[in-house]
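Trainee: One structure is given below, represented as structure tokens, and several questions about it will come after.
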Amino acid sequence: MPVALERVTYTYQAGAPWAVTALEDVSLTIQDGEAVGLIGPTGSGKSTLVQHLAGLLKPTSGRVLIDGRDLWAAGADRRALRQRIGLVFQYPEHQLFEETVRADIAYGPRNLGLSSQEVERRVLRALRRVGLDDSILDRSPFELSGGQMRRVAIAGVLAMEPRVLILDEPTAGLDPRGRDEILGFVADLHRREGLTVVIVSHHMDEVARLARRVVVMDGGRIVLDGPTAAVYARVEELERLHLEAPLAARLAARLAQRGWPIARDLLDIEAVADAVARCLGSGGRDAAVGDAPGV
């Protein structure tokens, strides 16, 4: 189910003296089964863009298409179309409010008017999809660890069975273990189930771990869009946007600048180390840089 923006512009408080254009003529298509990272400096329009994808904001101009259907066209079944997109806001655990984990995850499906059997099926499936055990179903979500609370909140979105999952800073505020758990099950959902995933993050290494495509925003526009390794290889352009590519990409770029015959599109430190070892073993560095100083 492709999701697309066609020449979307969005202005907050349009017509007012303090109007701010957050998106300007943005076109973007996300295909079925893609894992896309969305990055950019603060205020670049990332959150506004994903709220358009989820149908929470209506464009000032342009179109939002879900499976080829215009979300905002007259007569469109917006409720049904929106249910295909699951948006997990930053710190989703702040939206937990029920007395038990079961009730919290069941809240959305129950409001769809589903049978109690279908609601229970979705609750159990969603809980397992985020890597949690049935034993916590009757516990208060507020008794859980921070990482578990966040997974319960994400399970509540997954219980709606969206075909596209959008996560806005999904690991914000978590310790390293909690971050690994979140990234692990999201990667598994994408790999095992083919779920389309869009992740918004300031952590470039997290995006490199999950995404096969990266979209870079600045000033309400898309300025880069391509395979993750190719985008991160453009270290200097990212630095001009005050974005720091993953360490491996920066190291590969620095070596290439110094004349080492090393590919710049490397995202893994071990891959960089292997490339250096091959150069040294073949005399490639000496041939490339002669007596140039080291990195």
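The values are calculated or read from the model by the stated rules, or taken from the named source; none is laboratory data. Predicted model, so just to flag it, every value in this text is computed and none were measured. So basically every Cβ, Gly included, is an ideal-geometry build from the backbone, and we count neighbours across all protein chains shown. These area figures cover heavy atoms from the full protein model, side chains too; ligands, DNA and RNA do not enter into them. Shrake-Rupley method; radii C 1.70, N 1.55, O 1.52, S 1.80 Å.
Yes or no, residue by residue, for (1) more than 30 Å from Val214 (Cβ to Cβ); (2) assigned to a helix (DSSP H, G or I); (3) open to solvent by 40 Å² or more (accessible area, probe 1.4 Å):
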| residue | (1), (2), (3) |
| --- | --- |
| Ala103 | yes, yes, no |
| Arg122 | yes, yes, no |
| Arg125 | yes, yes, yes |
| Gly131 | no, no, yes |
| Gly147 | no, yes, no |
| Ile166 | no, no, no |
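Trainee: Then there's this: From Leu5, Leu65, which residue is open to solvent by less than 40 Å² (accessible area, probe 1.4 Å), part of a strand (DSSP E or B), among the aliphatic types (A, V, I, L, M) and out of contact with any helix residue (DSSP H, G or I) (no Cβ under 9 Å at 6 or more places or on another chain)? Walk me through how you get there before you give the answer.
Mentor: On the way: Leu5 fails: out of contact with any helix residue (DSSP H, G or I) (no Cβ under 9 Å at 6 or more places or on another chain).
Answer to the check: Leu65.
Trainee: Any idea which of Glu237, Glu244 is open to solvent by 10 Å² or more (accessible area, probe 1.4 Å), in a loop (DSSP other than H, G, I, E, B) and not basic (Lys, Arg)? Walk me through how you get there before you give the answer.
Mentor: Working: Glu237 fails: in a loop (DSSP other than H, G, I, E, B).
Going through Glu237, Glu244 in turn, the sole match is Glu244.
Trainee: Please give the number of the condition Leu174 fails out of (1) open to solvent by less than 20 Å² (accessible area, probe 1.4 Å); (2) in contact with a Lys or Arg (Cβ under 9 Å, 6 or more places away or on another chain); (3) not basic (Lys, Arg); (4) not in a helix (DSSP H, G or I).
Mentor: Here Leu174 meets the rest and fails (1).
For (1) open to solvent by 40 Å² or more (accessible area, probe 1.4 Å); (2) assigned to a loop (DSSP other than H, G, I, E, B); (3) not hydroxyl-bearing (Ser, Thr, Tyr), each residue gets a yes or a no:
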{"site": "Val119", "(1), (2), (3)": "no, no, yes"}
{"site": "Arg128", "(1), (2), (3)": "yes, no, yes"}
{"site": "Pro162", "(1), (2), (3)": "no, yes, yes"}
{"site": "Ile182", "(1), (2), (3)": "no, no, yes"}
{"site": "Phe185", "(1), (2), (3)": "no, no, yes"}
{"site": "Leu189", "(1), (2), (3)": "no, no, yes"}
{"site": "Val197", "(1), (2), (3)": "no, no, yes"}
{"site": "His202", "(1), (2), (3)": "yes, yes, yes"}
{"site": "Val216", "(1), (2), (3)": "no, no, yes"}
